[in-house]
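*Asks:* One structure follows; several queries about it will come next.
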Amino acid sequence: MRRFTQASAVAVVAALALTGCGRSSDSTAGGAASPAKEVKSGKATGAITVWALGAEGDKLGSIAKDFEAANPAAKVTITVIPFDAAHDKIATAIAGKQTPDVALVGTTWVSEFAGSSALDATPTDVIDKAKFYPGAWDTTSVNGTSFGVPWYVETRLIYYRKDLADKAGLSEPKTWAELTSFTKGLQDKAGVKWGISLQPGGQGSWQTFMPFAWQDGAEIVNGKTFGFDSAPMQKALDYYSTFFKDKISPTDLAQGALESGFIRGDIGAFVSGPWHMGILKDQGGASFQGKYAVMQMPREKAGTSFIGGGDLVVFKNSKNRDASWKFVDYLTQVKAQQKLYSLVGSLPAVKSAWTGGALSTDPLLKTFGSQLQDAKSAPAIATWEQVASSLDDAIERVSLGKQDSATALKAAQAKANAIGTGS
Amino acid sequence: MATAVAGRAPAPRRRPRARVRRREALAGYAFSLPFLLLFLVFTVGPVLSSFGMSFTDLRSADVSRPLSVNGVGLANYTKVLHDESFRQAVLNTAYFVLVGVPLTMGLALAVAVGLNSGITRFKALFRVGYYLPVVTSIVAVAVVWRFLLEPDSGLVNTVLGYVGVDGPSWLRDETWAMPSLIVMSAWRNMGTLVIIFLAGLQGVPREMHEAAAIDGAGAWGRFRHITVPVMRPALLFGAVITSIGYLQFFEEPFVMTRGGPLDKTLSVSLYAYNQFGFGNYSYAAAMAYVLFLAIVVLTLVQFRLLGSRD
Amino acid sequence: MTTQIRQTSTAAPAPDPSGRARGRRRSERAGIGDPHAQPWIYAVLGVGLIVLVGPFLWMLLGSFRPNRELKEVPPSWLPQHPTLSNYTKLFSQLDFPTFFVNSVVVAVAITVGNLVFCSMLGYALAKLDFPGKRTIFVLVLGTLMVPGVVTFVPLFVLVSNLGLANSFPGLIFPFLAGPFGVFLLRQFIQGLPDELIQAARVDGASEFRIFRSIMLPLCRPALATLGILTFLTSWNMFLWPLVVAQSQDHYTLPVALAIYSIGENKSDYGLLMAGSVVIVVPVLLVFLALQKHFVRGIAMTGIK
């Protein structure tokens, strides 16, 4: 009871007293400066609590069993969190100081949580940066310090109806101009209703758009300066919006209509990540396999795509830090990475894991592997989700023909500047 | 004589009355205490915290040291009022409330009157049926409504097609997205109101209707002059509860449109939630308290218009 | 005319402690207007019913469909290849009994708490006179209007400071005393006649006895309404149980269901439908059990 009254008094007083306290100038750095401590060698011991996400996280259990077999004195407890609420859960847990030892997080969250001083810096004596795809490693790096390790990756490719393209005599496009004529050709010669389906704005549409901007050399942020109103960004958005203006891509596709439209042959192509292989297999059945293929992004100045995925982080409050990092290290060994692929189909973030099994033989997967060599991540700034929403907004305005790209991007730039990079 | 009585009478009565009053007050506090204890700790505490938060520059990055933030006075509030998306959200929310509340209440009242008009068969079936949308999970509801409103093959546009109307892409159309959500919300929420109104209707004595019918009053006249006055308290309760809920309109745009297209279904609550997700805790709090003010004003107006005279 | 009717009608629903008036009331309840419902009313209500129940039926039918069929465009009404696989998956993948029991514990505790605490305060606010009562009512009603999104984090910080994270008290306590119930019951109890209380006081009944033996029985309908509404909200709570539970043994059904049905990039709609059906069933049972009280109740009192 005593604790009860005390705590509630503290909460109320704290709320009222907030105005009386001030920021000290060094409290905003987010702990980025503190260097990582070494991890003691030897086997891992003690209890390690892990938060994993969704059905994928559920499968982590069997890999953890292997780890426990190798480290008999360690005990891993996994709590699975629903995917769409994971960010809120972790952010709230940080506020309430109820974090676990290890968690799997979305790549765009690392900078935010690191900014809250919640994450432990990656110990370089245990983790070897060089073994990961560089784009994936970048997602953990905040102001030059790494706060986590990539676990699985995904990148975006163009899925297309190979059977229809072959019938129409169309070959894989290599440039922007060719992509336009390819998708138009699918409409004119192969009779599809929509040559390609691109996201006409809405949440997350930047992930489809940004590859085109990167292909033209645009940058989201350079240091603390945003680059939305740059010439290459504008050129990319103009190019992107021609697909809607020329009625090559639909602007009002209902949720869930993409897959069935693609399987029916109404939609000739779309941009997406590796998970769509599984969805198309489920929905299209065996007969549909082989009717479609994936291809790398077209080149303008470069052939860049987007890289996302999941990162493993260790929390500062961890009571078993060394064992936690050893567990993380175990999960990024080739064996565990390949097991992850075989269990849930998540693509390994470690390059050398791509040498065995389907990862080295399946043509679809191999294309993903090649694209990963040239893929960029969202910038590791704490305010990214908010900045991204203003970019999504600009994409929507231009795609729907409400504004020209210069006006929309200028507005996005102004919003981004007002939001800042959070550091 | 009369004055003498009046002057003397209260004196002997004063003592017991004071005792009764004290006893009543003590009982009042005793009955209030358990609720208030929990309420002060778990509701008022966080409300005060968040209200205090709205005058600071607290962001999610500060949560591990909440005392080391700066007070910024009313800066968040002035920023809210100049925020273009917020203004759009206010307009959308007003649109939603002004159309949605009367629509939901009208439908619910009509159903309640219908259910009360002497139907004897399938009573329970009807009651449960009209309540089903309330209990069905929003995720399932969203899936079904998306199929219904699908532009090419959805049920709504298919039916419209029979009569030669080319239906729009409901959820992606700037004009039609909000009306779609209003209809969906009315569908989802009328069940609760039907129950409340059905209860209120039980207070209407049947004899009065019969008498009025003999006097030659039509069905509409009887509804207007007998049913509605008796229903006034239930209508007030329904209006207040529905308005509070609708002003905090969130779930439908969250699962159906995420505020799009072009912010046309962005509600104040959804916008505050987004800001909260971006980590702008203090800014989201300021937004919520602007909304709070609007709710208070609307509730006061409703009490004025529909409230009982006591 | 209007005033006259209002006077009569407010007098009419006054309950009679002796129960004498019960028979008369029953005849009143038969309905307004026409003594016998006309077929067209059935027809209109029936059409409305189809519109309202349709999506629920679709969910029910959907739970017997394979995933692939659920994503077909255009959708069909009847399952083409009916299957129980969604349900077997639901019961085999999830530790169903644990989650179900957790959900029941949380929802029942919150419901009971609200019935007890809200009826006490509601009674005090409606019928007892004491200084500060208006302030309390305004405060309670005021918090009903604060959007929950901003109090969420402060509440969690508070609960973890109290050491209640990952515990049932942490899941339950914050919702035991809700403003909605106070509002509902105060409005309700105000409609009950004061004479009952005065008579009981003259008979020497204690204040608690008056509340327990006279007020509560009369409130049954309002309590039934509050019961179903509170049960429904606490049964469906998602974000709070997720955030408070630090380990899966404290998860509730909606949380557990979301883990398996909603993935990062694809969702298991079949499992989602089956889960939604399973989650709805207990609420429907509670509703069926209580629905008679809804109507009988306010017949006696009327919300004021």
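*Asks:* Working only within the range B:106-151, note down all residues that are part of a loop (DSSP other than H, G, I, E, B) and surrounded by fewer than 18 Cβ atoms within 10 Å (Cβ to Cβ). Before you say what the answer is, go through the steps one by one.
*Replies:* Applying the first criterion (part of a loop (DSSP other than H, G, I, E, B)) to the range B:106-151 yields B:117-122, B:136-137, B:149-151.
B:G118, B:I119, B:T120, B:R121, B:F122 - these are the residues of the range B:106-151 that are part of a loop (DSSP other than H, G, I, E, B) and surrounded by fewer than 18 Cβ atoms within 10 Å (Cβ to Cβ).
*Asks:* Restricting attention to the range B:165-185, does a residue exist that is at pLDDT below 85 and within 8 Å of chain C (Cβ to nearest Cβ)?
*Replies:* no
*Asks:* So, one more: For the range B:227-291, which fully contained helices (runs of 4 or more DSSP H) count at least 1 residues that are closer than 24 Å to B:T192 by Cβ and at pLDDT below 85? Outline the logic, then answer.
*Replies:* Values: elements: B:228-247, B:251-256, B:268-277.
Qualifying helices (runs of 4 or more DSSP H): B:228-247, B:251-256.
*Asks:* Sort through A:A412, A:A382 and tell me the only one that's touching a Gly at 6+ places or on another chain (Cβ under 6 Å) and in contact (Cβ under 8 Å) with a residue 24 or more places away in the chain.
*Replies:* Values: A:A412 fails: touching a Gly at 6+ places or on another chain (Cβ under 6 Å).
Just one listed residue meets the conditions, A:A382.
*Asks:* With (1) in contact (Cβ under 8 Å) with a residue 12 or more places away in the chain; (2) surrounded by fewer than 23 Cβ atoms within 10 Å (Cβ to Cβ) as the list, and A:D88 as the residue in question, which single condition is left unmet?
*Replies:* Against the list (1) in contact (Cβ under 8 Å) with a residue 12 or more places away in the chain; (2) surrounded by fewer than 23 Cβ atoms within 10 Å (Cβ to Cβ), A:D88 comes up short only on (1).
*Asks:* Residue by residue through the range A:352-368, note down the ones that are at pLDDT 90 or above and surrounded by 19 or more Cβ atoms within 10 Å (Cβ to Cβ).
*Replies:* The answer is A:A353, A:W354, A:L365, A:F368.
*Asks:* Looking at the range B:50-69, which of the residues that are assigned to a loop (DSSP other than H, G, I, E, B) and more than 7 Å from every other protein chain (Cβ to nearest Cβ) is nearest to B:G277 (Cα to Cα)?
*Replies:* Keep residues of the range B:50-69 that are assigned to a loop (DSSP other than H, G, I, E, B), which gives B:54-55, B:57-59, B:63-69.
Pick out the ones that are also more than 7 Å from every other protein chain (Cβ to nearest Cβ) and you get B:54, B:57-59.
Values: B:S54: 16, B:D57: 15, B:L58: 13, B:R59: 10 Å.
Filtering first and then ranking leaves B:R59.
*Asks:* So, one more: Based on this model, can you work out whether A:S287 counts as farther than 27 Å from A:L198 by Cα, among the hydroxyl-bearing types (S, T, Y) and part of a helix (DSSP H, G or I)? Quick ask: steps written out before the conclusion?
*Replies:* Working: farther than 27 Å from A:L198 by Cα: no; among the hydroxyl-bearing types (S, T, Y): yes; part of a helix (DSSP H, G or I): yes.
Criteria not met by A:S287.
*Asks:* What number goes with the only condition from (1) of a type in the set (A, V, I, L, M, F, W, C); (2) more than 30 Å from A:K281 (Cβ to Cβ); (3) buried (at least 21 other Cβ atoms within 10 Å of the Cβ) that C:F238 does not pass?
*Replies:* Of (1) of a type in the set (A, V, I, L, M, F, W, C); (2) more than 30 Å from A:K281 (Cβ to Cβ); (3) buried (at least 21 other Cβ atoms within 10 Å of the Cβ), only one is false for C:F238: (3).
*Asks:* If we keep just the residues of the range B:152-173 that are part of a loop (DSSP other than H, G, I, E, B) and among the charged types (D, E, K, R), which is surrounded by the fewest Cβ atoms within 10 Å (Cβ to Cβ)?
*Replies:* Our first condition is that a residue be part of a loop (DSSP other than H, G, I, E, B); within the range B:152-173, this holds for B:152-154, B:163-169, B:173.
From the residues that got through so far, the ones that are among the charged types (D, E, K, R) too are B:152, B:166, B:173.
Details: B:D152: 18, B:D166: 8, B:D173: 17.
The extreme case among them is B:D166.
*Asks:* Also, I was wondering about something else. With (1) in contact with a helix residue (DSSP H, G or I) (Cβ under 6 Å, 6 or more places away or on another chain); (2) at pLDDT below 90 as the list, and C:T111 as the residue in question, which single condition is left unmet?
*Replies:* Against the list (1) in contact with a helix residue (DSSP H, G or I) (Cβ under 6 Å, 6 or more places away or on another chain); (2) at pLDDT below 90, C:T111 comes up short only on (2).
*Asks:* Restricting to helices (runs of 4 or more DSSP H) lying wholly in the range C:159-230: which have 2 or more residues that are modelled with pLDDT under 85 and either within 14 Å of chain A (Cβ to nearest Cβ) or buried (at least 18 other Cβ atoms within 10 Å of the Cβ) (or both)? I'd like the intermediate steps shown before the answer.
*Replies:* Details: elements: C:168-172, C:179-190, C:194-202.
In the range C:159-230, C:179-190 are the helices (runs of 4 or more DSSP H) which contain 2 or more residues that are modelled with pLDDT under 85 and either within 14 Å of chain A (Cβ to nearest Cβ) or buried (at least 18 other Cβ atoms within 10 Å of the Cβ) (or both).
*Asks:* Within the range A:184-202, is even one residue of a type in the set (V, I, T) and within 22 Å of the chain's Cα centre (by Cα)? Spell out how you get there, then give the answer.
*Replies:* Restricting attention to the range A:184-202, the residues satisfying the condition of being of a type in the set (V, I, T) are A:192, A:196.
Subset that is within 22 Å of the chain's Cα centre (by Cα): none.
No, the range A:184-202 contains no residue that is of a type in the set (V, I, T) and within 22 Å of the chain's Cα centre (by Cα).
*Asks:* Continuing with this model, one more query. Restricting to the range C:267-281, name every residue that is surrounded by 18 or more Cβ atoms within 10 Å (Cβ to Cβ) and under 26 Å from B:L115 (Cα atoms). Even if it seems obvious, please write down each step before you answer.
*Replies:* Within the range C:267-281, the first condition is being surrounded by 18 or more Cβ atoms within 10 Å (Cβ to Cβ), and the residues that meet it are C:267-280.
If the condition is that a residue be surrounded by 18 or more Cβ atoms within 10 Å (Cβ to Cβ) and under 26 Å from B:L115 (Cα atoms), then C:V280 is the only one that fits.
*Asks:* While we're looking at this one, here's another question. Inspect the range C:86-96 for any residue being assigned to a helix (DSSP H, G or I) and of a type in the set (A, V, I, L, M) and give the result as yes or no.
*Replies:* First, pick out the residues of the range C:86-96 that are assigned to a helix (DSSP H, G or I): C:86-93, C:96.
Okay, now just the ones that are also of a type in the set (A, V, I, L, M), so C:90.
Yes - at least one qualifying residue is present in the range C:86-96.
*Asks:* Give the residues of the range A:278-287 that are out of contact with any Lys or Arg (no Cβ under 7 Å at 6 or more places or on another chain) and surrounded by 15 or more Cβ atoms within 10 Å (Cβ to Cβ), sorted by residue number.
*Replies:* The answer is A:L280, A:G284.
*Asks:* Also, I was wondering about something else. Quick check on my filter: what residues within the range C:116-146 are of a type in the set (S, T, Y) and within 17 Å of C:F208 (Cβ to Cβ)? Quick ask: steps written out before the conclusion?
*Replies:* At the first step, the residues of the range C:116-146 found to be of a type in the set (S, T, Y) are C:119, C:123, C:135, C:143.
Residues satisfying the conditions are C:S119, C:Y123.
*Asks:* Determine which member of the set B:L81, B:L148, B:L107, B:L74 is among the aliphatic types (A, V, I, L, M), in contact with a Gly (Cβ under 9 Å, 6 or more places away or on another chain) and either under 24 Å from A:A414 (Cβ atoms) or modelled with pLDDT under 90 (or both).
*Replies:* On the way: B:L81 fails: in contact with a Gly (Cβ under 9 Å, 6 or more places away or on another chain); B:L107 fails: either under 24 Å from A:A414 (Cβ atoms) or modelled with pLDDT under 90 (or both); B:L74 fails: in contact with a Gly (Cβ under 9 Å, 6 or more places away or on another chain).
The conditions single out B:L148.
*Asks:* Test B:T265 against the stated conditions and say whether it is away from chain A (no Cβ under 14 Å), within 27 Å of B:R172 (Cα to Cα) and either in contact with a Gly (Cβ under 8 Å, 6 or more places away or on another chain) or surrounded by 24 or more Cβ atoms within 10 Å (Cβ to Cβ) (or both). Can you show your working first?
*Replies:* On the way: away from chain A (no Cβ under 14 Å): no; within 27 Å of B:R172 (Cα to Cα): yes; either in contact with a Gly (Cβ under 8 Å, 6 or more places away or on another chain) or surrounded by 24 or more Cβ atoms within 10 Å (Cβ to Cβ) (or both): yes.
Judged against the criteria, B:T265 is not a match.
*Asks:* Can you pull out every residue in the range C:114-138 that is of a type in the set (A, V, I, L, M), part of a helix (DSSP H, G or I) and either within 19 Å of the chain's Cα centre (by Cα) or facing chain B (nearest Cβ under 7 Å) (or both)?
*Replies:* Looking only at the range C:114-138, we keep the residues that are of a type in the set (A, V, I, L, M), and these are C:115-116, C:120-121, C:124-126, C:128, C:136, C:138.
Then drop every residue that is not part of a helix (DSSP H, G or I), which leaves C:115-116, C:120-121, C:124-126, C:136, C:138.
Listed by number, the residues that qualify are C:L115, C:V116, C:M120, C:L121, C:A124, C:I136.
*Asks:* Oh, and also: Would the range C:57-71 turn up any residue that is surrounded by fewer than 16 Cβ atoms within 10 Å (Cβ to Cβ), within 25 Å of the chain's Cα centre (by Cα) and either closer than 30 Å to B:V183 by Cα or modelled with pLDDT under 85 (or both)?
*Replies:* yes
*Asks:* Can we say B:F86 is surrounded by fewer than 23 Cβ atoms within 10 Å (Cβ to Cβ), within 27 Å of the chain's Cα centre (by Cα) and either within 8 Å of chain A (Cβ to nearest Cβ) or in a loop (DSSP other than H, G, I, E, B) (or both)?
*Replies:* Values: surrounded by fewer than 23 Cβ atoms within 10 Å (Cβ to Cβ): yes; within 27 Å of the chain's Cα centre (by Cα): yes; either within 8 Å of chain A (Cβ to nearest Cβ) or in a loop (DSSP other than H, G, I, E, B) (or both): no.
Criteria not met by B:F86.
*Asks:* Just checking, which of B:V72, B:V41, B:V101 is surrounded by 17 or more Cβ atoms within 10 Å (Cβ to Cβ) and more than 9 Å from chain A (Cβ to nearest Cβ)? Step through it out loud before you land on a result.
*Replies:* Working: B:V72 fails: more than 9 Å from chain A (Cβ to nearest Cβ); B:V41 fails: more than 9 Å from chain A (Cβ to nearest Cβ).
Within the list B:V72, B:V41, B:V101, the selection yields B:V101.
*Asks:* From the set of residues in the range A:266-275 that are more than 19 Å from A:M210 (Cα to Cα) and surrounded by 23 or more Cβ atoms within 10 Å (Cβ to Cβ), which is nearest to the other protein chains (Cβ to nearest Cβ)?
*Replies:* We begin by selecting, within the range A:266-275, every residue more than 19 Å from A:M210 (Cα to Cα); these are A:266-268, A:275.
If we keep only those that are surrounded by 23 or more Cβ atoms within 10 Å (Cβ to Cβ) as well, we get A:267-268.
Details: A:I267: 12, A:G268: 17 Å.
Taking the candidates together, the pick is A:I267.
*Asks:* Which residues, taken from the range A:220-241, are of a type in the set (A, V, I, L, M, F, W, C), in contact (Cβ under 8 Å) with a residue 12 or more places away in the chain and either in a helix (DSSP H, G or I) or surrounded by fewer than 21 Cβ atoms within 10 Å (Cβ to Cβ) (or both)? I'd like the intermediate steps shown before the answer.
*Replies:* So in the range A:220-241, the residues of a type in the set (A, V, I, L, M, F, W, C) come out as A:220-221, A:226, A:228, A:231, A:233, A:236-237.
Restricting the remaining residues to those that are in contact (Cβ under 8 Å) with a residue 12 or more places away in the chain gives A:220-221, A:226, A:228, A:233, A:236-237.
Result: A:V221, A:M233, A:A236, A:L237.
*Asks:* Which of (1) within 12 Å of chain B (Cβ to nearest Cβ); (2) surrounded by 20 or more Cβ atoms within 10 Å (Cβ to Cβ); (3) among the aliphatic types (A, V, I, L, M) is the odd one out, the single condition A:A418 does not satisfy?
*Replies:* Tallying (1) within 12 Å of chain B (Cβ to nearest Cβ); (2) surrounded by 20 or more Cβ atoms within 10 Å (Cβ to Cβ); (3) among the aliphatic types (A, V, I, L, M), A:A418 fails exactly one: (2).
*Asks:* Now for a different question. Take the residues in the range A:375-384 that are of a type outside the set (S, T, N, Q) and crowded, with 20+ Cβ neighbours inside 10 Å; name whichever of them is nearest to the chain's Cα centre (by Cα). Steps first, answer last, please.
*Replies:* Of all residues in the range A:375-384, those of a type outside the set (S, T, N, Q) come to A:375-376, A:378-382, A:384.
So of that shortlist, the ones also crowded, with 20+ Cβ neighbours inside 10 Å come out as A:375-376, A:378, A:380-382, A:384.
Details: A:A375: 11, A:K376: 10, A:A378: 7, A:A380: 11, A:I381: 14, A:A382: 15, A:W384: 12 Å.
If we take residues in the range A:375-384 being of a type outside the set (S, T, N, Q) and crowded, with 20+ Cβ neighbours inside 10 Å, then A:A378 is nearest to the chain's Cα centre (by Cα).
The values are calculated or read from the model by the stated rules, or taken from the named source; none is laboratory data. Small disclaimer: the values here were computed from a predicted structure and weren't measured. Reconstructed Cβ throughout: ideal geometry from the backbone, glycine too, with neighbour counts over all protein chains shown.
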